[in-house]
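Chemist: For reference, the structure I am asking about is given below.
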Amino acid sequence: MGVKAKLYPKEAARLLREKPGVREAVTGATLHFEQGRKKAYGEIDAEAWRERAKRVKDHLLSHLDHYLELAEKRLREKGVQVHWAEGPEEAHRILREVVARHGVKRAVKAKSMLTEELGVNPLLESLGVEVYETDLGEYLIQLLGEPPSHIVGPAIHLALSEIQRLFHGRFGTPLDASPEALAAVARKVLREAFLTAELGISGANFLVAETGTLALMENEGNIRLSTSLPRVHVAFVGIEKLLPRLADLALFLPLTARAATGQRLSTYVSLIQGPSREEEEGPKEVHVVLVDHGRTTLLHDPEAWEVLRCLRCGACLNACPVYRQTGGHPYGYVYSGPIGAVLDPGLLGLEDTYPLPYASTLCGACYEACPVKIPIPKLLLTWRNRAVERGLAPTWEKGAIKAFSQVMQSPSLYRLFSKALRGLPLPQDLLPLLKAWTEGRGPLKPSPKPFHELWQELEE
Amino acid sequence: MDTRSRILSRIRQALRERPRALLPEHPHPALSQDPLELFLKRLAENGAEGHLLDEEGVRRLLANLAQGLAGAAYGKGVPAAFRLLPELPPEEAPLGVSRALFAVAETGTVALSSEDGRKAQLLPPVHLVLVGEEKVYPSLLEAFLDLKSLPSALGLHSGPSKSADIGQVMVKGVHGPGRLVVAVLQGTW
Ligand code: SF4
């Protein structure tokens, strides 16, 4: 597929040099999300919710063939046209047919990471279809021609001033226009698009097998509009996105919202059972495209399969001290941050992505945040080991990782080592992985206090 | 082999050696505090307005909302007694009035059926939702377990449309209504 993950530290250094405002914007937004999650987790028995969710997903994945067939049956009974796609090629063929049959000139899109994976926008553009991303953040980055920087908040890396400049150039709004005024302009443009588009495109947060229900979560209302106003709706669904029963949504909708944005439930949830019925408003034709694109390969992987539980809530990004410095762009693929670092090698192959598992401090915050308890730090080490075994990463890593993971697994060893390290000077060239990062910066200085002590002080 | 069979057979192969995980039962829904009280509290926390009213109260609320408005868009289930304003198409109406299928206390949510109509729920800047007090479930789980049949689309609305995508500043009414008012009707309805 020709995607090559970039060397994160190098890209990160370049990004921070070229766009000094990014760190502030991303750190601010992720800290805000992270505080929301912590508060929301504090209201519930988070451990019990996460364990339940993990178990439901593990059951689902260990009976995936059964549930896929059940979902397909239920969807068909409700008049949904079900398609299967290995990857972009087949997904494109299905979409091309829909566009041709309905003479689609304009499409409205609800933000979806899977459609980013599949390159749906470039395809539609090549067919002469005008595509509008309708999530405000996604619309901004579409205007800028950038990929999303965050799974949930695709435009968190943009400062207000940048958006003011963008809209000034595009729509002639004043350079000091308020966020309200800017949103009003976007609303006007997109409202027109909703009312005139022939096609609505979405992903899905969940697909309930028992009832054939597509569940979509959002706060703006653009997904409800995209799936209600155009006469055709096409939903792309990763085959791992299933849930067994309708009542499972009562756990997964609030858990995802709490993990992602700290809400008890997202403002809008659309539960879609098929095309509109006689005398009803809504699309007359609904298509569901079940997409593999690397997921079955991951299912085969005895160590890495657990990543298939992922709900794409973005909590691990918000918790990650590395991601917080730069946002998603330096990772070089649609999935960034901790989840990207363990999902991308599985989806795209390690040859193209081996630098990603190194873009982490292995601090474990991603695991604590994850609503389905994906052991991200363990998986990072798995992929690093494989990179070394296949000769993709420098060999000195091998010993270092082994020692490192031993140290990390023992609190007393960890304390001993961090104490010893703090006593040493840190020669820059002894830290080859940090070289790209440290270029253009002052020398690294060890902290006088170990992190766990600082952390405790912060918590108090 | 077609794509479907190929994907399914790869899955079966992958699962051959995987232990089968059991599906946990649903928990027994815990009886929380008075659902009506909790519902109104949660609505307020979500940035919506909630009122517990009798029929006369709803008409007063409507008259209040209707001041200076040319008309409203109505969901199919809204009774004639509550159609105080002339009907306008949802694209033009300054107010949408709809009737919820049910509501959920713990999350401050109204559930709106496509059978009632979708445009009146989404296009006007202000949205008034009517719901009977006996339709307020304590929890999402109880509501889902009780659902007998599903409409072609069910929208769960838990507050006004909002976004923080522009400079992390919360803006209301981005695509959907910027104001959500919920009237819980006392008595059977
Ligand atoms: S790995 Fe976990 S925390 Fe990260 S996006 Fe997926 S579900 Fe959310």
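The values are calculated or read from the model by the stated rules, or taken from the named source; none is laboratory data. Note that this is a predicted model, so its numbers are computed, not measured. Heads up, the Cβs are rebuilt from the backbone with ideal geometry, glycines too, and the neighbour counts pull from every protein chain shown. All accessible areas refer to the heavy atoms of the entire protein, side chains included, with ligands and DNA or RNA removed. Shrake-Rupley method; radii C 1.70, N 1.55, O 1.52, S 1.80 Å.
Chemist: Please compute the per residue accessible area over the range A:320-371 with all protein chains in place, 1.4 Å probe, rounded to a whole number of Å². If you can, show how the numbers build up before the last one.
Modeler: Numbers: 1150 Å² over 52 residues.
Accessible area per residue, the range A:320-371: 22 Å².
Chemist: Let me ask something additional. B:ALA70 to B:LYS148: FRET efficiency via 1/(1 + (r/R0)^6), r the Cβ-Cβ distance, R0 30 Å, to the nearest 0.05? Don't jump to the answer; show the numbers that get you there.
Modeler: Details: r = 39 Å, r/R0 = 1.30.
Computed FRET efficiency for B:ALA70 and B:LYS148 comes out at 0.15.
Chemist: What total accessible area, in Å², is buried where chains A and B meet, using a 1.4 Å probe and rounding to the nearest 100?
Modeler: Values: alone 21360 and 11500 Å², together 26310 Å².
Chain pair A/B: roughly 6600 Å² of buried accessible area.
Chemist: Would you mind computing, in nm to one decimal, how far apart the modelled labels at B:GLU134 and A:LEU175 are, each placed 7 Å from Cα along Cα→Cβ?
Modeler: Placing both labels 7 Å along Cα→Cβ, they lie 6.4 nm apart.
Chemist: Percent of accessible area on the range A:180-232 owned by carbon and sulfur, 1.4 Å probe? Please list the in-between numbers first.
Modeler: Values: 670 of 1280 Å².
Carbon with sulfur: 53 percent of the solvent-accessible area.
Chemist: At a 1.4 Å probe radius, carbon and sulfur cover how many percent of the accessible area of the range A:84-138?
Modeler: Values: 970 of 1980 Å².
Of the solvent-accessible surface of the range A:84-138, carbon and sulfur hold 49 percent.
Chemist: Magnitude of the Cβ-charge dipole of the protein assembly as shown, K/R +1 and D/E -1, about the Cα centre, nearest 20 debye?
Modeler: It works out to roughly 1440 debye.
Chemist: Moving to a separate point now. Report the Rg/Rh value for the range B:102-172, based on alpha-carbon coordinates and the Kirkwood definition of Rh.
Modeler: Working: Rg = 13.9 Å, Rh = 13.6 Å.
Over the Cα atoms of the range B:102-172, Rg/Rh equals 1.02.
Chemist: Per residue, how much accessible surface does the range B:1-120 expose to a 1.4 Å probe? Answer in Å², no decimals.
Modeler: For the range B:1-120, the per-residue accessible area is 51 Å².
Chemist: Loop only by DSSP, 15 or fewer other Cβ within 10 Å of the Cβ. Give me the trypsin sites (Lys or Arg not before Pro) in the range A:1-84 that pass, ordered by residue number. If you can, show how the numbers build up before the last one.
Modeler: On the way: sites: A:LYS4, A:LYS6, A:LYS10, A:ARG14, A:ARG17, A:ARG23, A:ARG37, A:LYS38, A:LYS39, A:ARG50, A:ARG52, A:LYS54, A:ARG55, A:LYS57, A:LYS73, A:ARG74, A:ARG76, A:LYS78; in loops: A:LYS4, A:LYS6, A:LYS78.
Loop-located and lightly packed - A:LYS4.
Chemist: Taking the Cα atoms of the range B:1-59 alone, what are Rg (to one decimal) and Dmax (as a whole number) in Å?
Modeler: Final numbers for Rg and Dmax: 24.7, 66 Å.
Chemist: Hey, another quick one. Count, for each residue of A:214-221, the Cβ atoms from other chains sitting within 10 Å of its Cβ, then give me the mean as a whole number. Write down the numbers at each step before the final one.
Modeler: Working: counts 1, 2, 1, 1, 4, 12, 9, 15.
Counting other chains' Cβ atoms within 10 Å and averaging over A:214-221 gives 6.
Chemist: Just in the range B:147-189: which trypsin sites (Lys or Arg not before Pro) are loop by DSSP and have at most 16 other Cβ atoms within 10 Å? Don't skip to the answer; put the middle values down first.
Modeler: Details: sites: B:LYS148, B:LYS162, B:LYS172, B:ARG179; in loops: B:LYS148.
Listed in order of number, the matching sites are B:LYS148.
Chemist: Please report the Cα spread of the protein assembly as shown along all three principal axes, rounded to whole Å, starting with the longest.
Modeler: Rounded to whole Å, the extents work out to 80, 58, 54 Å.
Chemist: Here is a further query. Please compute the net charge surrounding B:SER113, taking Lys and Arg as +1 and Asp and Glu as -1 over other residues with Cβ under 10 Å from its Cβ.
Modeler: Details: positive: B:LYS76, B:ARG99, B:ARG118; negative: A:GLU280, B:GLU115, B:ASP116.
Its environment carries a net charge of 0.
Chemist: Mind checking which of A:TYR333, A:PRO174, B:GLY108 is farthest towards the positive end of the protein assembly as shown's charge dipole, using Cβ charges of +1 (Lys, Arg) and -1 (Asp, Glu) about the Cα centre?
Modeler: Comparing the listed Cα positions along the dipole, A:TYR333 ranks first.
Chemist: Also: Using Cβ-Cβ distances only, list the Cys residues of the protein assembly as shown with no partner cysteine under 4.7 Å, sorted by number.
Modeler: Flagged as lacking a Cys partner: A:CYS310, A:CYS313, A:CYS320, A:CYS363, A:CYS370.
Chemist: Highest mean first, how do B:118-129, A:381-392 rank when packing is the count of other Cβ atoms within 10 Å averaged over residues? Walk me through the numbers before you get to the answer.
Modeler: Working: B:118-129: 25.2, A:381-392: 17.7.
Top to bottom by mean Cβ count within 10 Å: B:118-129, A:381-392.
Chemist: Further, regarding this structure: For the range B:1-157, what are the per-bin percents of Cα-Cα distances with bins 10 Å wide, up to the bin holding the maximum?
Modeler: 10, 31, 26, 14, 11, 7, 2
Chemist: On to the next question. For a distance above 16 Å, tell me the whole-number percent of Cα pairs in the range A:266-378 that qualify. Mind dumping the intermediate values first?
Modeler: On the way: 4120 of 6328 pairs.
Counting every Cα pair in the range A:266-378, those more than 16 Å apart make up 65 percent.
Chemist: If I fit a long axis through the Cα atoms of helix B:3-15 and take the longest principal axis of the Cα atoms of chain B, what angle between them do I get, 0 to 90°, rounded to 10?
Modeler: Around 60 degrees separate the two axes.
Chemist: What residues of the range A:250-292 lose no less than 30 Å² of accessible area with every protein chain in place versus their chain by itself (probe 1.4 Å, heavy atoms only)?
Modeler: Going by heavy-atom accessible area, the residues of the range A:250-292 that drop by at least 30 Å² are A:ALA250, A:ARG264, A:LEU265, A:THR267, A:TYR268, A:VAL269, A:LEU271, A:GLN273, A:ARG277, A:GLU280, A:GLU281.
Chemist: Just to confirm the number: angle between the C-alpha axis of helix B:35-45 and the first principal axis of chain B, 0 to 90 degrees, nearest 10?
Modeler: 80
Chemist: Arrange the peptides B:37-50, A:315-328 so that the one whose residues have, on average, the most other Cβ atoms within 10 Å appears first.
Modeler: On the way: B:37-50: 19.3, A:315-328: 25.5.
Per-residue Cβ counts within 10 Å, averaged per peptide and sorted highest first, yield A:315-328, B:37-50.
Chemist: A further question on this structure: Using the charge dipole of the protein assembly as shown (Lys, Arg: +1 at Cβ; Asp, Glu: -1 at Cβ; taken about the Cα centre), state which of A:SER112, B:GLY167, A:CYS316 has its Cα farthest towards the positive end.
Modeler: A:CYS316
Chemist: While we're looking at this one, here's another question. Report the full-extension gain for the segment B:LEU23 to B:TRP189: residue separation times 0.36 nm, less the Cα-Cα distance, to one decimal in nm. Mind dumping the intermediate values first?
Modeler: Working: separation 166, 0.36 × 166 = 59.76 nm, distance 3.89 nm.
My answer for the length gained is 55.9 nm.
Chemist: Then there is this: How large a share of the accessible area of the range B:91-177, in percent, is made up of carbon and sulfur atoms when the probe is 1.4 Å and the other protein chains stay in place?
Modeler: Answer for the range B:91-177: carbon and sulfur cover 52 percent of the accessible area.
Chemist: Counting heavy atoms of the protein chains only and a 1.4 Å probe, report the per residue accessible area for the range A:18-141 as a whole number of Å². Could you put the intermediate results ahead of the total?
Modeler: Values: 5140 Å² over 124 residues.
With the other protein chains kept in place, the range A:18-141 gives 41 Å² per residue.
Chemist: Using a Gaussian network for chain B with springs between C-alpha atoms less than 10 Å apart, which of these wobbles most: B:ALA93, B:ALA143, B:ALA14?
Modeler: B:ALA14
Chemist: Taking only DSSP H segments of four or more residues, each worth -39500 (n - 2.57), what value at 222 nm results for the protein assembly as shown once the sum is divided by all its residues, to the nearest 500 deg cm²/dmol? Don't jump to the answer; show the numbers that get you there.
Modeler: Working: 28 runs with 285 residues, N = 649.
So the calculated ellipticity at 222 nm is -13000 deg cm²/dmol.
Chemist: A further question on this structure: What's the average, rounded to a whole number, of partner chain beta-carbon atoms within 10 Å of each residue's beta-carbon in A:19-29?
Modeler: 1
Chemist: Find, among the trypsin sites (Lys or Arg not before Pro) in the range B:66-111, those assigned to loop by DSSP (not H, G, I, E, B) with at most 10 other beta-carbon atoms within 10 angstrom. Numbers along the way, then the final one.
Modeler: On the way: sites: B:LYS76, B:ARG83, B:ARG99; in loops: B:LYS76, B:ARG83.
Answer in residue order: no site qualifies.
Chemist: Order of B:103-116, A:239-252, A:146-159 by packing, highest average Cβ count within 10 Å first? Before the final figure, lay out the partial values.
Modeler: Values: B:103-116: 25.9, A:239-252: 22.4, A:146-159: 23.9.
Packing proxy ranking, top to bottom: B:103-116, A:146-159, A:239-252.
Chemist: Next question, about the same structure. For the pairs A:LYS73/B:LYS119; B:LYS76/B:LYS135; A:LYS57/A:LYS111; B:LYS41/B:LYS162, flag any whose C-alpha to C-alpha distance is greater than 27 Å. Can you show the working numbers first?
Modeler: Values: A:LYS73/B:LYS119 30 Å; B:LYS76/B:LYS135 18 Å; A:LYS57/A:LYS111 23 Å; B:LYS41/B:LYS162 19 Å.
From A:LYS73/B:LYS119; B:LYS76/B:LYS135; A:LYS57/A:LYS111; B:LYS41/B:LYS162, over 27 Å: A:LYS73/B:LYS119.
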